[in-house]
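Here the structure is laid out as structure tokens; the discussion comes afterwards.
The values are calculated or read from the model by the stated rules, or taken from the named source; none is laboratory data. Worth saying up front: this structure is predicted, and the values here are computed from it rather than measured. Positions of Cβ are backbone-derived with ideal geometry, glycine not excepted, and every protein chain shown enters the neighbour counts. For the accessible areas, the whole protein counts, side chains as well, though only heavy atoms, and no ligand, DNA or RNA atoms are used. Shrake-Rupley method; radii C 1.70, N 1.55, O 1.52, S 1.80 Å.
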Amino acid sequence: ESVKTVLTSPENRILIKRMLIKCADISNPCRPMEQCIEWAGRISEEYFAQTDEEKRQGLPVVMPVFDRNTCSIPKSQISFIDYFITDMFDAWDAFADLPNLMQHLDNNFKYWKGLDERKLRSLRPPPE
């Protein structure tokens, strides 16, 4: 009933649509694990290339953490989840009840934490 009340206002509907677009844009940690890992790699590579190009051109490096020689992808994902994702998606879950999405988020966070605890900097653990 409270959701219906929120959706009756045109301003609220616009705000919700804007929030959904933002959530969709940054939702990688809420995907199934294999998709999350794949896209974390693609995004990291994009940022590595940007950092490489900034260095090559002698420009200020916008994201120094994405130096391919020193970056820990697990640490970057943990920070991203902690800083941007958790509170935003907890709020969405309270609003719309998204148990599958929240389970993916929890699984992915634990995956990245596990790699970080092993002092690994890559997307995946080495083959056994």
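Filtered by the rule that a residue be within 15 Å of the chain's Cα centre (by Cα) and of a type in the set (A, V, I, L, M), segment 76-104 gives Ile78, Ile81, Ile85, Met88, Leu101, Met102.
Just to be sure I understand, how many residues within segment 1-49 are among the polar types (S, T, N, Q) and more than 17 Å from Gln77 (Cα to Cα)?
5
Picking from residues in segment 41-75 that are open to solvent by 20 Å² or more (accessible area, probe 1.4 Å) and under 21 Å from Lys110 (Cβ atoms), the one that is nearest to the chain's Cα centre (by Cα) is Ile43.
Given the structure, is Ile85 closer than 19 Å to Arg118 by Cα and either among the β-branched types (Val, Ile, Thr) or touching a Gly at 6+ places or on another chain (Cβ under 6 Å) (or both)? Considered against the rule, which asks whether it is closer than 19 Å to Arg118 by Cα and either among the β-branched types (Val, Ile, Thr) or touching a Gly at 6+ places or on another chain (Cβ under 6 Å) (or both), Ile85 comes out as no. Hey, does segment 66-77 have a residue that's acidic (Asp, Glu), at pLDDT 95 or above and in a helix (DSSP H, G or I)? No, that holds for no residue.
When Asp82 is tested against (1) touching a Lys or Arg at 6+ places or on another chain (Cβ under 9 Å); (2) in a helix (DSSP H, G or I); (3) loosely packed, with under 13 Cβ neighbours inside 10 Å, exactly one condition is not met: (1). Of the residues making up segment 9-40, those that are open to solvent by 100 Å² or more (accessible area, probe 1.4 Å) and among the β-branched types (Val, Ile, Thr) number 1.
Selection of segment 93-103 for residues being assigned to a helix (DSSP H, G or I) and either farther than 15 Å from Arg31 by Cα or open to solvent by 60 Å² or more (accessible area, probe 1.4 Å) (or both) yields Ala94, Phe95, Ala96, Pro99, Asn100, Gln103. Which of the residues belonging to segment 108-122 are under 22 Å from Ala24 (Cα atoms) and either open to solvent by less than 60 Å² (accessible area, probe 1.4 Å) or not in a helix (DSSP H, G or I) (or both)? Scanning segment 108-122 gives Asn108, Phe109, Tyr111, Trp112.
Pairs linking a residue in segment 110-128 that is modelled with pLDDT of 95 or more to a residue that is among the charged types (D, E, K, R), with Cβ atoms under 6 Å and 6 or more positions apart or on different chains, are Asp116/Lys75.
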